Amino acid sequence: MVAGPYIWHVKDEEPLETKRDVQTHWTSPYFFNQTAANWLEAWDSFEFWFSLPGGGAFAHSDSYCEMTISAQLSGVKTWRLMMFPEVQNVFESFESFDTGVYRANKWSPEYEFEVGPGQCFLFPPGYMHETLVKPSQNPECTVATTFQFNLPFPTKYIRNFLPRLFSSHLVWAENCHSRWEAFHSLSGTPLRPTIEMSELEARVASLFAQIDSNRDKHLDHRELVEFLSQSKTTRWARAVRYSWSHQVSEEKQRQVQQEQLESRAADTISYNDMDDDGEVSFDELLASTHQWNVLNHKFHKLKRLNPRSEADTKKALAIEKEYHDKYRCGSQHDPRWCMGEDYFKALERRVQHLAELQAYQDLYAEQGGDEDPDEPEHEHDEM
C-alpha cells in the first residue's frame, strides 16, 4: 500500500487572503530573477506536496500545457518517468491520471533518479511520472513545491510529439492545442482546419508576404519580433494576460510584454525550424502547417460524432483508418508504420460505442458534463 501525497493547492483552492499570505513567504527560484514573466508565473502557480515515508504518487501525466518544475524542499524523492506513450488513434486512448497507464499496460519508465533538498526537476507537458519516498532515506514527511513557467515554451518537443499529444488528454480534455496553434499559424484565433494543400500554401504565402521584410524567403528572429510587435493582426501576442497581470505595475507589464515577444519569436522558429539553421523557410512552415491541419482536421471530425451511436462508432473507425492509410502508412505501405486490416478489425470488435473510450469521456468532462452524449456536437465549419 502506497500512501498518496497531500497536495496543498495554494494557487487555486485556497481563499485569496490565504494565498496572498503564503506568497509573502514564498519566492521564485534565483534562475527566474532575470525573467519577470517566469518569476511572476512561478510566484502565482506554486503548490506544495507533502509525502510520508513509503508514500508517493502513481504514474500519471499532469494537465498543464506548459513546462513544470518540481523543487524538493526537504527529504529525497525517487522519480521514474517516460514520454507519453504512442497512441495510434482515439481507440487507444487511456486514462492519463493515477494508475491509468498501468491498466493500459503502457507503463515503461525510461528514467529513474533521485531529487534531494534544493534540487529541481523540469518536465514538459505530457511527460508521465511516478514518485516514491523511500523510508530508508526519509525518516519523516518530505516537502516539495511545484510551479509552472512559460518562457521559453517547449515548442520543438511539442512539434516532434504532436501526433501522440493530439490523441492525449492535453487536447481532448485540457484544450492545450488552443495555446499551441499560433506557433505555426501566428494567429490569435483558431483557423478552420483544412487538408487542402492549395489553401495551406496560400496561408503560408500570406504570412511570408507580411513577415519576410528582406524577401530572402526565410523568416528570422528580427522579422518575427517586428511582426509580432507592430502588426494589427498580432495584438494577441502583445497582450499580457495572466492570472497575476492585474497585480503588477505598468512598468512590469511592459517588461513582461517584451520578454514574451522575444520568446514568442524564438519559440516560433524552434517549432518550425526542422534543419536547425535558426530560420524558417517556406517549406518548413508549410510542413508544420500541414501536419497541424491533418491532426486538427481529424480531431474535429471525431469530436463531433455521437459517442452513443453505433453508426458513429463505425464512422470513427473509418476516419481513423482513412487518415492512417493516407498519412501514416502512405503510398509505400511500409510495414514499420502500417497497422494492417487485422488491427482495425480487432478495434471494431473491441469497441461498441465511443463513450467507452477515454478520449470521449475526457471531452465531456472538459465541457463540464453539460453535453448530452446522445446529441452530437454540430460543427459549422466546412471540413
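Assorted remarks:
- The single residue among L219, L200, L207 that is in contact with a Ser or Thr (Cβ under 6 Å, 6 or more places away or on another chain), at pLDDT 95 or above and at negative phi turns out to be L200.
- Selection of first residues in segment 255-279 that are more than 17 Å from W39 (Cα to Cα) and of second residues that are of a type in the set (F, W, Y), restricted to Cβ pairs under 7 Å at least 6 apart or on distinct chains, gives the following pairs, ordered by first then second residue: D267/F153; D267/F183; T268/F183; Y271/F183.
- Test: residue in segment 178-189 that is out of contact with any Cys (no Cβ under 7 Å at 6 or more places or on another chain), of a type in the set (S, T, Y), over 24 Å from L302 (Cβ atoms) and surrounded by fewer than 16 Cβ atoms within 10 Å (Cβ to Cβ): no
- Scanning segment 140-177 for residues that are outside any loop (DSSP other than H, G, I, E, B), open to solvent by less than 30 Å² (accessible area, probe 1.4 Å) and out of contact with any strand residue (DSSP E or B) (no Cβ under 9 Å at 6 or more places or on another chain) turns up T155, I158, R159, L162, L165, F166, V171, W172, H177.
- Residue selected from segment 41-63 under the condition more than 13 Å from H129 (Cβ to Cβ) and in a strand (DSSP E or B), by the criterion nearest to the chain's Cα centre (by Cα): E47
- Qualifying residue in segment 205-228 (condition: over 21 Å from the mean Cα position of the chain (by Cα), of a type in the set (G, A, S) and farther than 30 Å from I319 by Cβ): yes
- Of everything listed in (1) among the hydrophobic types (A, V, I, L, M, F, W, C); (2) modelled with pLDDT under 95; (3) touching an Asp or Glu at 6+ places or on another chain (Cβ under 8 Å), the single unmet condition for L317 is (2).
- Every pair of residues 6+ apart whose Cβ atoms lie under 6 Å, when the first sits in segment 139-158 and is without any contact (Cβ under 8 Å) to a residue 60 or more places away in the chain while the second is open to solvent by 20 Å² or more (accessible area, probe 1.4 Å): Y157/P124
- Criterion violated by G55 - all others in (1) open to solvent by 10 Å² or more (accessible area, probe 1.4 Å); (2) in contact (Cβ under 8 Å) with a residue 60 or more places away in the chain satisfied: (1)
- Residues that are free of Cβ contacts under 8 Å to residues at least 60 places away in the same chain and within 18 Å of P193 (Cβ to Cβ), drawn from segment 299-317: K315
- Taken together, the residues in segment 263-277 that are assigned to a loop (DSSP other than H, G, I, E, B) and open to solvent by 40 Å² or more (accessible area, probe 1.4 Å) amount to 4.
- Candidate set: segment 74-89, residues that are of a type in the set (A, V, I, L, M, F, W, C) and modelled with pLDDT of 95 or more; chosen: the one nearest to P29 (Cα to Cα): V76
- With respect to the stated conditions, V280 is open to solvent by less than 40 Å² (accessible area, probe 1.4 Å) and in contact with a helix residue (DSSP H, G or I) (Cβ under 6 Å, 6 or more places away or on another chain).
- Residue identified as open to solvent by less than 50 Å² (accessible area, probe 1.4 Å) and in contact with a Gly (Cβ under 7 Å, 6 or more places away or on another chain) among V101, V90, V115, V133: V133
The values are calculated or read from the model by the stated rules, or taken from the named source; none is laboratory data. Values in this document were obtained by computation on a predicted structure and should not be read as measured data. Quick reminder, even Gly has a Cβ in these numbers, built from the backbone with ideal geometry, and neighbours come from all protein chains shown. Note: accessible area is taken over every heavy atom of the protein model, side chains too, but ligands, DNA and RNA are not part of it. Shrake-Rupley method; radii C 1.70, N 1.55, O 1.52, S 1.80 Å.
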